[in-house]
Every structure is written in C-alpha cells, then in structure tokens.
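Written below as structure tokens is the structure these notes are about.
The values are calculated or read from the model by the stated rules, or taken from the named source; none is laboratory data. On a predicted model such as this, the values are computed, not experimentally measured, just so you know. Because the Cβ atoms are built from the backbone with ideal geometry, glycine has one as well, and the counts that use them run over all protein chains shown.
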Amino acid sequence: MIIYDGSSLANLYIRQQAEKAHDAQLITGPELSSIKENYPTGFYTPNLVIRIGFFILTLIGSLFTGLLLSFIFSETHFVDHPVWLLFLGLITYVALEFLVKQMHFFKAGIDDALLWQTAALITVSFIWAMGDQNKEYLFLAGFVLLLSLYFTLRFANNLMSVVAFLSFLALIFFSWGKAGTIGEATMPFIMMLFSWLIFFTAGRAAKDTRT
C-alpha cells in the first residue's frame, strides 16, 4: 500500500534514532556518520527552508498549469463540470506518484504540494458534484475520511492523518446527530469515547512498531 520502500523507511527510522542519541551525547559524531553510511535511505529530503520553497514554487507552477489547461479548454463544456476538477486532480496525482517513485522524494516540498493539491481538487470536485441542494455533510465527511486515509497510508503523511482523524470525528458527529434529542445529549461523551479509542489504538500501534 505504502509507496515508499520498506527497507528505506526502516533505515530512516534508525538514522533518526541515531540523531536523537547524538543530540543527547550518547554517541559521537563519527559514530553517527558511520550509522548514516551503513543505513542509507535513498530519499531526497531537503532542509526545511528549501522544502518550503519547493512547496510554494510547486503550488504556483501547478496553479499556472491548471489555469492554462482551463483556458485552452474554455470553449468546451468540460471545464464547467465537476469532472474537470477531478481530471486535474488525477493528473496531479499521477505526477505525484511518478515523482515519488522516480525521484525518490520524501517530504521534499514538491511531493507535499502535489499531495495537498490533489486532495483539494478531488474534494472540491466532490462538493461541486453534490450541488447546493444537497446539504448532507455526512457524505462529505465520509468522502474526506476515505480520501485522507488513503493518502495517509500511501504517503505516510502526518498532517493527512490529522485530517483523517478530524473527518472521522465529523462523521461520528453527523451520524450520531441523526439520533435526535438523545444524540444531542450524549454527543460530548460519544466524541470523547471515540477520540480516546483512536489515541489508545494509535499509541499501541506506535509502541508495537518501536518494539
């Protein structure tokens, strides 16, 4: 499911733990260098400043490309349909898959921008397709949950997992709200219960991963 190589992710985790040990002065600089040399990842992950720059430039470039394509096909009715945004989202996703697989981007800014742009385009196309006459936010919450959960599992994106968590709570909120007065009265307890279950499950999973 995940797009990244499993051994590279394992090596990345080892390198991160080694860096923490170095910061805590548990290992020396040469030992840290030796660990990084023996556990290569093959990922391209620039520093934070370059990552932000790549993110902004990618958004600008993608926006310009989308506007250019919309202008080229402006004479057709295709642009005035939700399928157009879905089409742009799928193109962006294909570009994301290609760059991650071929260029080995991992939190490089470019992949982050394409990921969020893909999610935004597909989500907006879904909202557009629902129409103004349909105010059923339950379906929207479910759609966002499935989409964000897929991107979380596929690209191991932490922020996307937050979106999945919030959309899951929204799904519970709108679903339980249909129970009427009882649902409204017990809503805070239900939300706290599911929040605790999610955090407990995530904590257990993280603990099992470390061991």
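Things worth noting here:
- Summed over region 1-49, the residues that are closer than 26 Å to Leu149 by Cα and part of a loop (DSSP other than H, G, I, E, B) give a count of 10.
- Residue satisfying all of: in region 32-49; without any contact (Cβ under 8 Å) to a residue 12 or more places away in the chain and not aliphatic (A, V, I, L, M); nearest to Ala113 (Cα to Cα) among these: Asn47
- Qualifying residue in region 29-38 (condition: surrounded by 12 or more Cβ atoms within 10 Å (Cβ to Cβ), closer than 21 Å to Asn157 by Cβ and acidic (Asp, Glu)): no
- Matching residues in region 71-97 - criterion: being among the polar types (S, T, N, Q) and surrounded by 15 or more Cβ atoms within 10 Å (Cβ to Cβ): Thr92
- Of residues in region 119-157 being modelled with pLDDT under 90 and of a type outside the set (A, V, I, L, M, F, W, C), the one surrounded by the fewest Cβ atoms within 10 Å (Cβ to Cβ): Gln133
- Of all residues in region 162-188, those satisfying the criterion of being over 16 Å from Phe139 (Cβ atoms), more than 24 Å from the chain's Cα centre (by Cα) and surrounded by 10 or more Cβ atoms within 10 Å (Cβ to Cβ) are Ala179, Gly183, Glu184, Ala185, Thr186, Met187.
- Any hit, region 98-117, residues being free of Cβ contacts under 8 Å to residues at least 12 places away in the same chain, over 20 Å from Ser161 (Cα atoms) and hydrophobic (A, V, I, L, M, F, W, C): yes
- Number of residues in region 139-158 that are without any contact (Cβ under 8 Å) to a residue 40 or more places away in the chain and under 13 Å from the mean Cα position of the chain (by Cα) equals 10.
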